[in-house]
Amino acid sequence: MSSSINGAPGGSGTAAPARPLGEMIFAGMIVCIGVVGFVAGAGIPIPPSAGVVGPRVFPFLVSGIMVAIGIGLLIQLLRGHTGAAEEGEDIDPSVKTDWLTVGKLVGFLAIHIALIVPLGWPVAAAVLFFGSAWSLGAKPWWRNAIIAVVLALILQFVFAGLLGVSLPPGFLLEGVEIFNG
């Protein structure tokens, strides 16, 4: 029995390992998001009252870290260092991706984005939460609907009411002071 260079029986060991295309695309996306962060951060106006640490520092810092990590991942992947497959008891690598579920989740995210301005953030968030739970198979539907509405209202209260983040309350909560930022 012959042995190859990489320890597998038989074969010459000269075959190059397949490039992990999915991992390379992911690393490239990290780099692209970092570059977009730099471009978007450069467009932030700096007020005259800004000191040494202005409003561009944090976006530039995060963007720089993302670009460095993405480039580092790409270099490691090109050198042949790929991530090890996860060995969890709930992981079955032979199962194919459920593209219908992925499509539903992407669709509900698009609906969420489309509903924020006309109906307000709480309604859009409730639709997103309910749609995500339904897409992932949570039952019963009525409990999911109640939880989605309660979570959306809690998040609206915390972010807009307590923290002052400007989330559009929509026509249903327009006059309710605790939900307006």
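When N144 is tested against (1) surrounded by 15 or more Cβ atoms within 10 Å (Cβ to Cβ); (2) on the phi > 0 side of the Ramachandran plot, only condition (2) is not met. For the stretch 45-77, the set of residues classified as surrounded by 14 or more Cβ atoms within 10 Å (Cβ to Cβ) and assigned to a loop (DSSP other than H, G, I, E, B) consists of G54, R56, listed by residue number. Considering the conditions (1) modelled with pLDDT of 90 or more; (2) out of contact with any helix residue (DSSP H, G or I) (no Cβ under 9 Å at 6 or more places or on another chain), G72 is excluded by exactly one of them, (2).
The values are calculated or read from the model by the stated rules, or taken from the named source; none is laboratory data. Small disclaimer: the values here were computed from a predicted structure and weren't measured. Ideal geometry is used to build each Cβ from the backbone, glycine not excepted, and the neighbour counts take in all protein chains shown.
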